[in-house]
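A.B. asks: The structure's right below; bear with me while I get my questions together.
Each reported figure results from applying straightforward, stated rules to the coordinates on display, with no laboratory input. This structure is a prediction, so every number in the text was calculated from the model and none was measured. Cβ atoms come from the backbone with ideal geometry, glycine included; neighbour counts cover every protein chain shown.
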């Protein structure tokens, strides 16, 4: 079993909500990722979503696209990402790590290293879950079973446009948590309508019995707090990238820590 269910169970017992920041592996500097992951945990992160750089990230807006492009210029690929997780695990054996990305890097890794090599090596590196944007539930039951057999969760996206049928399909296969995309469109787009999120979650929870995190459009402590009132987790990606992208190396950890601590405090204020 991955570390994700125990983390959400602990938080539920503490009546707290999960803070899940996203960072692109290899950004903003090729070798800084494990250090950034530790900094996120120190600032209050409960789960880390680690983006796998990819050249055609269809669901990502310009900010995360730029982060991925920069990581790719450093030569960061799936093998490097798994090594980063392994390095992080040398100092942290408790915080769940979820790889977020696209099918191509996973399938390319298997072509290079052998059938099911990705699942084997992800488990061996200390990964807890995988979110593959372009794997619909009806096409990845075998992948989900292989992940589960190796103690990893398969996490799915749901959106405002998701039908009841799609929600039921996701509920049947998903584990760990479900990521509800609060906006129509790409990451970083639009303004968050917290009332719309509040209205959508009961429909999802009719079928989904695992925790539901909300992401896309959460940019500050105030919006995080409002989403935390109704969701099990608050997921922040674009804003995290923006916080660190223009900082000199010696300021990256300080800037990121200050932002996440502010969000953590807002989530914990009752």
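A.B. asks: When only C-alpha pairs under 8 Å and at least 6 residues apart count, what is the relative contact order of segment 67-143, in percent? Write out the running numbers ahead of the final one.
C.D. replies: On the way: 55 pairs, mean separation 30.0, N = 77.
This gives 39 percent for segment 67-143.
A.B. asks: Using only helices, what value at 222 nm comes out for the chain when you add -39,500 (n - 2.57) per DSSP H run of length 4 or more and divide by the total residues, to the nearest 500 deg cm²/dmol?
C.D. replies: Taking each H run of at least 4 residues, the total per residue is -14500 deg cm²/dmol.
A.B. asks: I would also like to ask the following. For the chain, calculate the relative contact order in percent as a whole number, restricting contacts to Cα pairs under 8 Å that are 6 or more residues apart.
C.D. replies: With pairs under 8 Å counted, the relative contact order is 23 percent.
A.B. asks: Here is a follow-up. Take every DSSP beta bridge with both residues inside the chain and express the antiparallel ones as a percent of the total, to the nearest 5.
C.D. replies: So the antiparallel bridges amount to about 0 percent of the total.
A.B. asks: Given a Förster distance of 35 Å, report the FRET efficiency between residue 73 and residue 261 from their Cβ-Cβ distance, rounded to the nearest 0.05.
C.D. replies: It comes to 0.70.
A.B. asks: What length, rounded to one decimal in nm, is gained on full extension from residue 134 through to residue 199, with 0.36 nm per residue of separation minus their alpha-carbon distance?
C.D. replies: Extra length from residue 134 to residue 199 when fully extended: 20.8 nm.
A.B. asks: Neighbour counts of other C-beta atoms within 10 Å: give me 29, 156, 143 arranged from fewest to most. Before the final figure, lay out each step's value.
C.D. replies: Details: 29 16, 156 27, 143 19.
Ordered by Cβ neighbours within 10 Å, fewest first: 29, 143, 156.
A.B. asks: On to the next question. Which FRET efficiency value, to the nearest 0.05, do you get for residue 12 and residue 116 by plugging their Cβ-Cβ distance into 1/(1 + (r/R0)^6) with R0 = 30 Å?
C.D. replies: Calculated value: 0.35.
A.B. asks: Compute the separation of the alpha-carbon centres of segment 131-170 and segment 21-73 and state it in Å as a whole number.
C.D. replies: If you average the Cα positions of each part, the centres end up 22 Å apart.
A.B. asks: Checking the a/c ratio against 1.5 first, then a/b against b/c, what shape does the Cα gyration tensor give for segment 93-225?
C.D. replies: prolate
A.B. asks: Could you work out how much longer the chain between residue 148 and residue 92 gets when fully extended? Use 0.36 nm per residue separation minus the Cα distance between them, nm to one decimal.
C.D. replies: Going from the current span to full extension adds 17.9 nm.
A.B. asks: Does segment 1-53 come out rounded, prolate or oblate, given a ≥ b ≥ c as the square roots of the eigenvalues of its C-alpha gyration tensor, rounded meaning a/c under 1.5 and, failing that, prolate meaning a/b above b/c?
C.D. replies: Prolate.
A.B. asks: Determine, from the Cβ-Cβ distance of residue 164 and residue 31 and an R0 of 41 Å, the FRET efficiency 1/(1 + (r/R0)^6), rounded to the nearest 0.05.
C.D. replies: Plugging the Cβ-Cβ distance into 1/(1 + (r/R0)^6) gives 0.35.
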